[in-house]
Amino acid sequence: MTQDFYQILGVPRNASDKDISSAYRKLARQYHPDVTGGDRDAEAHFKEVNAAHDVLGDPDKRAAYNRWGDQWEHAEQLEEMQRQRGGTGGFGGFGFGGGQPFGGQHGNQGNIHFDFGEQFGDPSDLGDLGDLFGNLFGGRSGGPSAVPRQPARGRDIEHDITVSLREAFHGTTRTLRRGAAGSRLEVTIPPGVGDGQRIKFTGKGEDAHGGQDGDLFIAVHVDDDPVFERRGDDLHVPVDVSVTTAALGGEVAVRSLGGSGRLALRIPAGTQNGRVFRLAGQGMPRFKRDGSGDILAEVRLRMPDPLTPEQTELYRQLRDLEAGPE
C-alpha cells in the first residue's frame, strides 16, 4: 500500500507549512547520501522524503493530495468526472467514503470507497461499471454512455548529471539527449546546487501527445574540488602564510570561486598556525534563496624552502633572542 506522505515526514495532516518544511529539512539531513555514506536504505528514505515534500510543500499539490490521496495527480480528471456524473454529490449516486476525502481519518489513503447503500432499486440501474472505472483511471471504455477517456499522463523521466564545484557555484547548463529520436533538451542548473540534490522540471518528461506531459527530475552529483572543501553553503580553503607575516602581520591572498578568484585578507600580528578567518558572504550561493555562505580560510604557516644564508643567520639570531642570556 502506498505510504502516506504525512507519515513519511512524521507530521499531522493539519501541520503548518513551517512544520512541514522543518520536518523535511531534518529528515533530508538525516538521510542525505553525504551523511549516510551511500547506504541503500537511507537513499530510498531520502527519495521518499523528497517526494513527500515535493507534494506537501506545494499548496496546490497538497490540496489535491488531501482530497484525492495517491490519485492526486489525476485531480483534474477526477473533478471533471465528478461534475459530469452529478456534481459534488458523487458519481451518479456513488459516494466517496461517506464524504471523507482520500487519505482521511479512516485510513482510506488512495482507496476509493463506493457506497451503494439503497440508492439503486434494480441492479440493472448500475449500468456498465467498467465504463465508470475505465474513465476514472484511464482504462478503456466501450459503452455508449461513457464519458470520453482522458488522455494518459506522460511518464516522469530521471537523469543523473555530474558538475564541478565551480559549476555548482556559478550555475551551469546541460544538454540532454532524449528518446529514440535523440531529441535535445537544454536544462539550467541553478547556482548553489548541492551534491545529491534533485531538481524538478515540470512538463519536461515524456510527451503525453495531448495529455499532461510528465516531469523531468535531475539528480545532481557535485565533484570534489582539489582546493575547496564544501560544508553546506560554506567553503573551507587553506591559505599559505609566511612565518614572518604571521609574526608581524600583513595581507595575504585567499582563493575564491567568485569574481577575480582572489580575496585580500588582513592577518594580525602573532597569528598562529591553524587559525580560521571567516570571509562573510563569499561562499556558495544559497540554492534558490537569497544570500551566500562564507569562506573559512585556515592559516597554514609556510617556511622558506630552501633558506638563504641571510635567512639562516637571521633565524639563528631569533633563536638566540628567544633563548635569552646564558
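The values are calculated or read from the model by the stated rules, or taken from the named source; none is laboratory data. Please read all numbers here as calculations on a predicted model, not as lab measurements. Cβ: placed from backbone, ideal geometry, glycine included. Neighbour counts: every protein chain shown. Just the protein is used for accessible areas: all its heavy atoms, side chains included, with ligands, DNA and RNA removed. Shrake-Rupley method; radii C 1.70, N 1.55, O 1.52, S 1.80 Å.
Scanning segment 295-310 for any residue that is part of a helix (DSSP H, G or I), open to solvent by less than 100 Å² (accessible area, probe 1.4 Å) and out of contact with any Phe, Trp or Tyr (no Cβ under 6 Å at 6 or more places or on another chain) turns up nothing. Scanning segment 294-317 for residues that are among the hydroxyl-bearing types (S, T, Y) and at pLDDT 90 or above yields T308, T312.
Inside segment 1-40, residues that are within 19 Å of W72 (Cα to Cα), of a type outside the set (A, V, I, L, M, F, W, C), in a loop (DSSP other than H, G, I, E, B) and at pLDDT 80 or above make up a count of 4. Inside segment 209-261, residues that are open to solvent by 30 Å² or more (accessible area, probe 1.4 Å), part of a loop (DSSP other than H, G, I, E, B) and aliphatic (A, V, I, L, M) make up a count of 1. The criterion of being part of a loop (DSSP other than H, G, I, E, B) and at pLDDT below 85 does not hold for H74.
Name the single residue that is surrounded by the most Cβ atoms within 10 Å (Cβ to Cβ) among those in segment 262-291 being in contact with a Gly (Cβ under 6 Å, 6 or more places away or on another chain) and closer than 16 Å to F228 by Cα. Here the answer is G283.
Of everything in segment 174-207 that's among the small types (G, A, S) and open to solvent by 20 Å² or more (accessible area, probe 1.4 Å), which residue is farthest from H159 (Cα to Cα)? Ranking the qualifying residues of segment 174-207, first place goes to A181.
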